[in-house]
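Right, one structure below, let's go through it.
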Amino acid sequence: MDGMRENDSIDGHRHNHDAHEASVQADDHADEHTEDLTLHEHTLDIAAVRAKLGEKSGKQYWRTLEELSDNPHFEDLLHREFPRQASEWDETVDRRNFLKLAAASLAIAGISGCRKPEQFIVPYVKQPDGMILGKPQFYATAMPFGADAIGVLVESHEGRPTHVTGNPDHPSSLGGTDAITQASVLNLYDPDRAQTVTFLGEIRAWSDFLKEAETLVADAKAKGGARFRILTGTVTSPTLAAQIQNVLKQVPGAKWHQWEPAGSDSAREGAKLAFGRYINTVYRPEKADIILSLDADFLASGPGHIGYMKEFYRRRKLTGPSGTMNRLYVVEPTPSVTGSSADHRLPLRASDVGQFARGLAGLVGLGSSGTLPPAAKKWLDAVASDLTKHRGTSLVVPGEFQPAEVHALAHAINAALGNVGATLYYTEPVEANPVNQVESFTELCADIDAGKVDTLLIFGSNPVYDAPHDFDFTSKLQKVETSVHISTHFDETAEYSKWHVAESHYLETWGDVRAFDGTVSVIQPLIAPLYHTHSAFDVFAAFTDKPGLTAYDAVRDRLKASASASDPERFWRKALNDGVIANSAYPPISVAPKFSAAGLPAAQAIPSGQLEFIFRPDSNVHDGRYANNGWLQELARPVTKITWDNAALVSPRLAEKLGLTQRAAARGGEHGQIVSNVIDISISNSKVTAAAWILPGQADDVVVLPLGYGRKNAGFTGSNKGFNAYVVRTSAALWSAAAGTEAIKKTGDDYPLACTQYHFQMEGRKILATGTLLEYQTNPDFAHEGDETPKNPKEMTLYKEFAYPGYAWGMAIDLNNCNGCNACVVACQSENNIAVVGKDQVMRGREMHWIRIDRYYSKLETKTGDPGGADYDALENPQTFFQPVPCQQCENAPCEQVCPVGATVHSAEGLNDMVYNRCVGTRYCSNNCPYKVRRFNFLRFQDWETPSLKLIRNPEVTVRSRGVMEKCTYCVQRINTARIEAEKQNRPILDGEIVTACESACPSQAIVFGNANDPNSRVAKLKAQTRNYPILGELNTRPRTTYLAAVRNPNPELEKA
Amino acid sequence: MSAGQPPMDSPEIQRLTPVLGPGHTYASVTDKISAIVLTRRTSVGWYIGFLLAFSIFGVMNIAIGYLFMKGTGIWGINIPIGWGFAIVNFVWWIGIGHAGTLISAILFLLNQKWRTSINRFAEAMTLFAVACAGIFPLIHTGRPWYAFWMFPYPSVMGIWPQFRSPLIWDVFAVSTYGTVSLLFWFVGLIPDLATLRDRSTSKPKQIIYGMLALGWRGSARHWQRYQSAYLLLAGLATPLVLSVHTVVSFDFSVAIVPGWHTTIFPPYFVAGAIYSGFAMVLTIAIPLRKAYGLEDFITMRHLENMAKVMLATGLIVAYGYFFEFFMSLYSGNKFDVFLVQQRLHGPYAPFYYALILCNILIPQLLWFQRMRTNVVVLFIMSIIVNVGMWLERFVIIVISLTRDFMPSAWGRYSPTFWDWATLIGTMGMFVMLIFLFVRVLPAISIAEMRELVTETSEEHK
C-alpha cells in the first residue's frame, strides 16, 4: 500500500479540494433538478401574449408562445439543463430514451445557446499533482473514535473518498481496520446529515452563529463564567483540547464536562485506585504467552483493539505442527468476539468476574479471596497456575465495563506476575482531560437544576438520547437558556437545543487526534465539506478571540512549533504522508501500585436467583452514533447474526425458566427471519420492551441489553429500530443492574428479527475443521480426517483438464486467525458497491453481502437444530468458530455449467467471472452453488437517485441493477489494476501486489490472496500446509478458496477435568 | 345408462360399454357436435364461466405487470431458494400438457379406438397447458426483456446460448413440443373445420372457418394425404411426449442439489406427467360431457380407461418415490440421507405426507370398478391427483433447496400474494382458453367420430 500513497504535498490537497468544490456545486445543481419533479402544465394566457406582442417593437423572435407570455414556469423550464426528462430519468437508459433525450437536449441547446453561463466552469488547465483521472489516490488520515483514533489510508477517486484501508504505520491499525472504520465513509455521504446551522430548527447563516457566540461570551463574562458550560465526549485531540482550553480562558470560570455513554470510567478509576492517579494502559499481546481476559473484549472493542488483534494473532500463526501459540482464557458473562475465539472460556455473571479477579489475586499472592462456584474454582486454579508459570509473559486484561476494583486488581496481578514493562506498559492518559465522566456529568446536571447554567455547548455526545435515565436530561436541557449542539445529524439532542451546528465528517476537516498509545495523527480532509458544515474546532473558535482561525492553521502551527526537526515544513509533510507523527507515542512511565488487594471492601454479590442486567455498547452501532449507517445496520452481529435490531440476550436456561421461545418464520426462515418473544423489562424504576434472544454460551441469569438502538432522530436508516436500553440505565448502575426474575414479563407478543444465520450446527459435514494444538502435533493431517475429497479428480472426467499456465488466483483463509470481527464484510461492501437491502429484505433471506461470516458451535448435538429444542447443558458453553465464506471460485464450478446464457464463465486464471450485462437472472447458478455465495438483485436494491450516494461508489465496479446475479470476484478490478501496472513494467505481478478488500481489512491477516501457481507466494505456502482443506471437498468442485483448520490451544490441565 | 343394463361392477361391462352410444349415424354425430359451435345458443352458464375465468386471467396479467415493474422480489423466493412457485407451476403445467399428445399420438399408433372422442379436447388442453407453462420460464427471469438470449439467434456480438445448461435444452424441448402439438392438433382439425365451414350460415363464420380449412374438399386424395400426414405427425409427436418431461427433469437431475440430483428423474417425471395429464383430462371431460350432453360420445368406458391409465402411471410414480427414497438411503450419501430425514421430519414434512396421500394412497381406490365408474369420485380424484402432482413438484424443487449443503445458508420459503395470484391466474387463463375452445371449435373430432360410427356399427352387427 505504501507505494500507492502518492501524495506528499499540501498543494495536492488544495487542488484536490478545488476540484471537488466544482463537483459539489454540480451536485447541488443536480439536486435542484430532482426537486419539484413534476412541472405542471400551465394554461397559456393568450390575452397576455397579445398584450406582450403589442408592447414589443421592432423585430422580435420568440421561441414559443409560452415564453412570450413570460410564464415563469417556462423560464424555470429553460433554466434547467434537462427540462422534464431529467425528472423522468431512470436507471434504464435504453436506446430509445437516449435518442429522445439527445434530441431534447439538442433542442434546448438551440434555445439557450445564446445565454451566457452564470458561472464559469473551468477545466483543469494544469492537472493537480499526482492526479491521473481514473486512478485512485490514497491519503493518510485518522478516524477519531472514543479514546482512540484509527489510522487509515483513504482511497479517493477524483476527489471522492470511497474506501478506507488501515494504515500499517499507525499503531492502532497496523494495516487492519474494523467494521465501524470501514463503514465510516458511508457516514460522510449519509443523505440524512445535518447540512446547516439552525436556530430553533430554522436555517441560519454561519455569521449569525458567530455573532451569537460573541454575545454569549460577552454575556458569560458579564454574568460570571461559571454559567458557561461545555459538554463533550472523550477528547483526545490536542488541538481541539487546546481550543476548548482557549474558550475556558476566554470565559474564566467556565467548566468543561464530559460524557461518553460507552466510555471507560472504570479503567480511569481503576488506575486511580491502583496508582493514585489517572494512567493509561497499553497492552502488548504479542509478547504474552498466556492471556486472561476478565470480561474484556479487547480484540473487538475498546482503545487499540485493531492493533491488539493484529498483535494477538501474530502469536497464533502456525506454519506447521511444530508451531507454537499463545493461550487465551476468557471469563465473561456474554459471548463476545474475544470470548468466542478463546482457548478456554468460562461464562460467569459480570458480578462474579470481580470475585474471580479477587480469587486470582489471592492465588498470585496478593492476599484476597473470592467466592466462586466449584466448577469455576477449578478453572481459576488452572488459570492461576498457568499464569504463574509464565511470569513476565502473561497478561491479564480487565474489561472496560467491569468496575474499577477489577481494573485495580488486574494492575496488581500484572505487577505481581512481572508483566509490567513486558506485556503491558503504562503511559500518561491519552485523553486531553481525563475525568470521571459520570461525576462530571452529574455535576453538570445538578448545576442546571440549581439554575447555574445559562449556556451549554454540547459536542461529541447525544445526551438527550444516551444520558442515564435518572438524569432526565431532556428536561434539564430545556432549562438551559442557550444550548448549542454540534453534531453530524439533527439528532435527539439537537431537537431540544436552541442552536444546532452541522458538524463536518472527519474526512472533511483538518484536525489531529491521539491514539490509544499517545501517537498523534493529523486528520487531513479528502473532500471539501459536502454541506455547510463546520468542525468542532471552528465552533469552539467562535467562542475565542480568534474566531477566524482555521483548524488547518491551528494544527499546522501547533505541529510545526512542536517539531524539533530542522525543517518544520518537511516534518509537516511527512506527518501528512505517513498519517502518524513520528515518535509522538507516549513513553512508558513507571508507576508503583499503591493498592492492597486484601484491603478491598467486600464485594456486593448479587444473590443467586437474582437476574443481572448488563449494558453493552453494540458491536455495530456502538453507543448509537452509527445508527444511521446502513452498512453497519445490515451487518450481522458477530455472534448473534442479528441485523437491524438489538435484542435482550438471555441464556438458554433462563429462557427455559421464563418460557421464552423463538422460531424460524415460514418466510426467510433460518436464513432471515426469527420470531422471538417480546418481554417487558422493569428495572431501575423504568421499563423497556424488547425482543428476547436466546444466546448459547451466555452465563445463566444474565440479561444483556445492547445500547445504541431505539433512536428517535437518527435519520431514515437508524430511527425507531430495536429498543432503547438507555431508558433503563441509571448513573448508579451504568453497566449492570440486579433485579429479581419478576423484572421480566412476557408480553405475549412476538417480534420478527432479521437474523442471517440461525442454524449453528454443521450436521456432520466437512465444513469447518478444528482441532487442538496437541492433536495437530500428533496428527498433522487432522484436518483431513474423514475427508472424502477425490484423490485423483482428473480421472473422474472424460474431458481434458484445463491448464492454468499463467496465474492461478487463489485464496487461503486461516480459520485459526478468524474471530468473526466483520471488518472484511464491510470492506467488501464498500469496495464492491454492494447494496443495502433493509430489514424487510434481510428477513426474506435476500441480503447482498458477498462475503459472509458463518458461525458454528462445535461439540453440540441438538435434536432439531433450534435452540428451542436444544439440550440446555450443551448450550451452556459451546465452542464457537467463525468461517468467512466468499465465492469459492471453484475450478469445477457447478454454477458455470447451468447458466443458460453463459453469464458466469471461467477465466483463464481460474476466476468464476460474472458477466453482469449478460445475466438474465434465472438464478439457476445460485441453486446449484453448494456454498450459496451468490446474491441476487431480487428488486432494485441500489439507490440510484440519492445524489450523495452516487459519490460513494467505486467507479471500477459495476453498479448492479435488479434482476442480476452477483457475487465475489476476488476483487477482479484490483487484479486488473495490478496487471496493467505489471504489464507496463514488463514484469510478472508480484506476490502481495494484489490485496483483496477483505484481505486488506482483516486485522488478523486470516485471509491471504495470491497466485497459487507460484510456489513462493504466501497463498501457495499456506495451501501447502497440512491444515489446508476445501469446504465440501467430496463434491469435487475444487475450490480455489481453501481453509486452514482452526487450532485451539487448550490447557491440558483443564482438558483432563 | 338405461335400465336393464348389467350392474356396474359386472366383468362384462368393459366389453359391453361402447365407446360410442348406440344409435348414432353420421348425421347425428355431425349434428350433435357441430351444433355446440354453430347452432346452439350460448348458454348463460358459458358466459358466467367465461367471465369468471377471464377475470382470473386478468389477475394474472396484473400479477405479471406488477412483476415486470418491480422484479422477482415480489415473490417469496430468496437465497437459497432461487426457484419457487414459478418453476413449480412450469413443471406442473408442462406435465399436464402431456396427456393430450399421448392420447392423440401414442394411442393413435396403438390403434386404441376409445381415444377418438377425447383426443381433440385433450390436445387442446395440452396446448393451453403448454401455453400456461411457457409463461413461467419467461417471467421468472430477473430481466425478462432479455429472455430471448436463451434462443440461438444470430447476435451481432456472436454470442450463443450456453448449450451445457439444461435450461437451454428446455427451451428447445418445450418449444418443439408446443409447435408439434399445435401442428398435430391443427392437422386433425382440418376436416372438421371444413364441416363447420360447410354448415355455418353466416358469412364471417364461413370465411374464417373456410380459411382455416385450407381448402379441404374431402376428396379421396385429400383423405389419403391427410391420413399419412396425421400418421407421420403422430410418429413425430410420440417421442416428444417422452422427451419433454425427460428434458424438464434434467433441469433438476443435472444440478448437484440433493433431492434434484437423481438418475430416476426422467422416467419418473414422464410417468408423473402422464398421471397429472390424465387427471386434468378427466377434470375437464366430466363437466364437459355433462354440460353439453356428450355422454354418448364420452362414455363411461372412456372415463374408466382414463382411470386405469391414472392408476398405472400413479403406480409408476409411487415406484419412483420409493426408489428415490431407497436410493438415498442405500447410497449412504450423507446429503441424500439427510434429505430423506428432512422430507419425513423437517419443517415441510406435512407437504410430503400430503403428497403421498394425494398421489399414492387415495388413487388406490381406482382398483375398484365401482370407483372407476363413479363420475363424482373420478372428478374429485382427478382434482386430488392434480393437487398431489403440484405438491410433488413443490417438494422436489422448493424443499430440496431449503436445506442443501451449507447449514449456515439454510432458509425457508413461503409464497407471497403475487405467487398465488400468478398460479391461480394461469388457471384462469387455462379455463378461459378451454371455454373459448369449446365455443368456437368442435370439442370432439367429427370426422373421427364418423369413422367410429362405421366401425362400431360393424362391431355390433
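Go ahead and run the numbers for FRET between residue A:205 and residue A:566, Cβ-Cβ distance against an R0 of 60 Å, rounding to 0.05.
Working: r = 44 Å, r/R0 = 0.74.
E(calc), rounded to 0.05, equals 0.85.
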- Check: the protein assembly as shown dipole with +1 on Lys, Arg Cβ and -1 on Asp, Glu Cβ, in debye: 4120 debye
- Note on the structure: Scattering profile of chain B from the Debye formula, Cα beads only, expressed as log10 I(q)/I(0) at q = 0.10, 0.11, 0.13 Å⁻¹, is -0.77, -0.93, -1.25
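Where Rh is the Kirkwood radius over the Cα pairs of the range A:861-1010, the temperature 20 °C and the viscosity 1.002 mPa s, what D in µm²/s does Stokes-Einstein return? Walk me through the numbers before you get to the answer.
Working: Rh = 18.5 Å.
Stokes-Einstein gives a translational diffusion coefficient of 116 µm²/s.
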- Task: Using only alpha carbon pairs under 8 Å that are at least six residues apart, calculate the relative contact order of chain A and give it in whole percent.
- Result: 14 percent
- Query: At q = 0.17 Å⁻¹, what base-10 log of I(q)/I(0) does the Debye formula yield for the range A:306-373 when every alpha carbon is treated as an equal point scatterer in vacuo?
  - Reply: -0.76
- For helix B:44-70, report the angle its Cα long axis makes with the longest principal axis of the Cα atoms of chain B; keep it between 0 and 90° and round to the nearest 10°. 30 degrees
- Message: Limiting things to C-alpha atoms, what are the Rg and the maximum Cα-Cα separation (Dmax) for the range A:397-488, in angstroms?
- Response: 18.4, 54
- Sticking with the crude label model, points 7 Å out along Cα→Cβ, report the distance from residue A:495 to residue A:478 in nm, one decimal please. 1.2 nm
- Query: In nm, to one decimal, how far is the modelled label at residue B:337 from the one at residue A:446, with both set 7 Å along Cα→Cβ?
  - Reply: 7.0 nm
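Give the Rg/Rh ratio for the range A:423-537, taking Rg as the radius of gyration of the Cα atoms and Rh as the Kirkwood radius, to two decimals.
Numbers: Rg = 16.6 Å, Rh = 16.1 Å.
Rounded to two decimals, Rg/Rh equals 1.03.
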- Put +1 on the Cβ of every Lys and Arg and -1 on every Asp and Glu Cβ in the range A:623-669; which of A:642, A:658, A:627 then has its Cα farthest towards the positive end of the dipole? A:658
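Can you work out D for the range A:280-427 in µm² s⁻¹ from Stokes-Einstein, where Rh is the Kirkwood radius over C-alpha pairs, the temperature is 37 °C and the viscosity is 0.692 mPa s? Don't skip to the answer; put the middle values down first.
Working: Rh = 15.0 Å.
Approximately 219 µm²/s, per Stokes-Einstein.
Computed over the Cα atoms, what is the radius of gyration of the range B:159-242 divided by 2.2 N^0.38 Å, N being its residue count? Walk me through the numbers before you get to the answer.
On the way: Rg = 17.5 Å, N = 84, 2.2 N^0.38 = 11.8 Å.
Relative to the rule-of-thumb radius for its length, the range B:159-242 sits at 1.48.
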- What dipole magnitude, in Debye to the nearest 20, does the range A:540-689 give about its Cα centre under +1 on Lys/Arg Cβ and -1 on Asp/Glu Cβ? 160 debye
- Message: Given the options A:189, B:453, B:302, identify the residue whose Cα lies farthest towards the positive end of the charge dipole of the protein assembly as shown (+1 on Cβ of Lys, Arg; -1 on Cβ of Asp, Glu).
- Response: B:453
- How long is the range A:611-755 along each principal axis, judged by its Cα atoms, biggest number first, in Å? 37, 37, 26
- Task: Let me know the number of lysine pairs in chain B closer than 27 Å at the Cα, not counting same-chain pairs under 8 apart.
- Result: 10
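Just need the Rg to Rh number for the range A:949-1057, please, alpha carbons only, Kirkwood Rh.
Expressed as Rg/Rh, it is 1.08.
Sorted from largest to smallest, which semi-axis lengths in Å does the alpha carbon gyration tensor of the range A:201-336 give for its equivalent ellipsoid, taking the root of 5 times each eigenvalue? Don't skip to the answer; put the middle values down first.
Numbers: eigenvalues 428, 62, 36 Å².
Taking √(5λ) for each eigenvalue gives 46, 18, 13 Å, largest first.
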- Message: Less than 16 Å apart at the alpha-carbon level, and either on another chain or at least 8 residues along: which lysines does that give for residue A:687?
- Response: A:745, A:746
- Message: Can you work out the Karplus-derived ³J(HN,Hα) for every residue in the range B:174-179? Use 6.51 cos²θ - 1.76 cosθ + 1.60 with θ = phi - 60°, whole Hz, and x for glycine or proline.
- Response: 6, 5, 5, 4, x, 5
- Query: With Cβ to Cβ distances under 11 Å as the rule, what net charge do the other residues near residue A:347 carry (K, R +1; D, E -1)?
  - Reply: -3
- Tell me, what are the semi-axes, in whole angstrom and largest first, of the equivalent ellipsoid of the protein assembly as shown as set by the roots of 5 times the Cα gyration tensor eigenvalues? 68, 42, 30
- Message: Is there a quick way to get the dipole size of the range A:143-224? I mean about its Cα centre, with the Cβ of Lys and Arg at +1 and of Asp and Glu at -1; what is the value in debye to the nearest 20?
- Response: 260 debye
- Message: Using a Cα-Cα cut-off of under 27 Å, which lysines could be cross-linked to residue A:249, ignoring same-chain neighbours fewer than 8 residues away?
- Response: A:211, A:221, A:223, A:452, A:476, A:479, A:498, A:546, A:560
- Expressed to two decimals, the range B:379-454 has a Cα Rg over Rh, using the Kirkwood radius, of 1.23
- Along each principal axis, Cα extent of the range A:660-718, largest first, Å: 37, 36, 19
- Out of B:382, A:779, A:1012 - ranked by how far each Cα lies towards the positive end of the dipole of the protein assembly as shown, with unit charges on the beta-carbon of charged residues - the top one is B:382
- Which whole-number percent gives the relative contact order of the range A:280-427, counting Cα pairs below 8 Å spaced six or more residues apart? 32 percent
- Query: Restricting to lysine pairs 8 or more places apart or on different chains, what number in the range A:280-427 have Cα atoms under 26 Å apart?
  - Reply: 7
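Every number in this text was worked out from the coordinates using simple rules, so none of it is lab data. None of the values given here were measured: they were computed from a predicted structure. FYI the Cβ positions are ideal-geometry reconstructions off the backbone, even for glycines, and counts take in every protein chain you see.
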